[in-house]
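Participant: The structure follows.
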Amino acid sequence: MEFTVRSQNLVQKQTRYLGIDPGLNRTGYALIERTPRGPFLREGGVIQSTKTLSLHQRVHEIGCGIREIIAELKPEIVAIEQVFSNATNVKSSLLLAHARGAILMTIADADIPVIHYTPAEVKRLLTGSGKAPKDQMQLAVQAALKLSKL
């Protein structure tokens with residue numbers, strides 16, 4: 001979906017980005033639009049899987065949730081956090097990989113380009129430091145999107 005905004009003989013394309021923070025328990029998402037006035041948060045939320053279901057059912061819930069979000073919000077580009085290996089908690093990394101796989105399959109079905117970011121890259125992009133704590137990230141996101149709170 002492409003939008004153009006005409007302002008003082010300047011044409012600027014608006015782009016809809018869907019950012020996804022994958023997880024087996026909770027998968028966060030946000031749709032950001034690039035506008036002439038800067039980035040605008042159109043919608044954000046969480047897909048929460050049912051903990052009492054089996055692994056394959058939970059992965060299916062996440063994939064279906066992303067499919068619904070894509071159908072409703074019609075993003076042009078998806079940015080998703082990469083899985084990183086955590087030597088102290090390998091099981092968590094593997095469970096995250098299952099959720100991420102379902103998400104990537106759903107995005108591929110919709111034929112949307114994907115950008116993969118590591119957590120450190122996202123932190124560096126927003127704060128200048130790849131090791132920024134969560135509270136600093138929250139403030140950076142609030143400032144970038146001109147939000148009073150998250």
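Participant: Across the stretch 99-120, what is the total count of residues that are at pLDDT 95 or above and in a helix (DSSP H, G or I)?
Facilitator: Qualifying residue count for the region: 11.
Participant: Pick from the stretch 20-31 the residues that are closer than 16 Å to A97 by Cβ and aliphatic (A, V, I, L, M): which of them is surrounded by the fewest Cβ atoms within 10 Å (Cβ to Cβ)?
Facilitator: L24
Participant: Hey, another quick one. Let me confirm something: among R34, R67, R42, which residue is in a helix (DSSP H, G or I) and either surrounded by 13 or more Cβ atoms within 10 Å (Cβ to Cβ) or of a type in the set (K, R) (or both)?
Facilitator: It is R67.
Participant: For the stretch 70-96, name all the residues that are out of contact with any helix residue (DSSP H, G or I) (no Cβ under 9 Å at 6 or more places or on another chain) and modelled with pLDDT of 95 or more.
Facilitator: Scanning the stretch 70-96 gives A71, E72, L73, K74, E76, I77.
Participant: Assuming P75 fulfils every condition listed in (1) exposed (fewer than 13 other Cβ atoms within 10 Å of the Cβ); (2) under 21 Å from I115 (Cα atoms); (3) not β-branched (V, I, T) apart from one, which condition is it?
Facilitator: With (1) exposed (fewer than 13 other Cβ atoms within 10 Å of the Cβ); (2) under 21 Å from I115 (Cα atoms); (3) not β-branched (V, I, T) applied to P75, the lone miss is (1).
The values are calculated or read from the model by the stated rules, or taken from the named source; none is laboratory data. Small disclaimer: the values here were computed from a predicted structure and weren't measured. For neighbour counting, all protein chains shown are included, and Cβ atoms are generated from backbone atoms with ideal geometry for every residue, glycine included.
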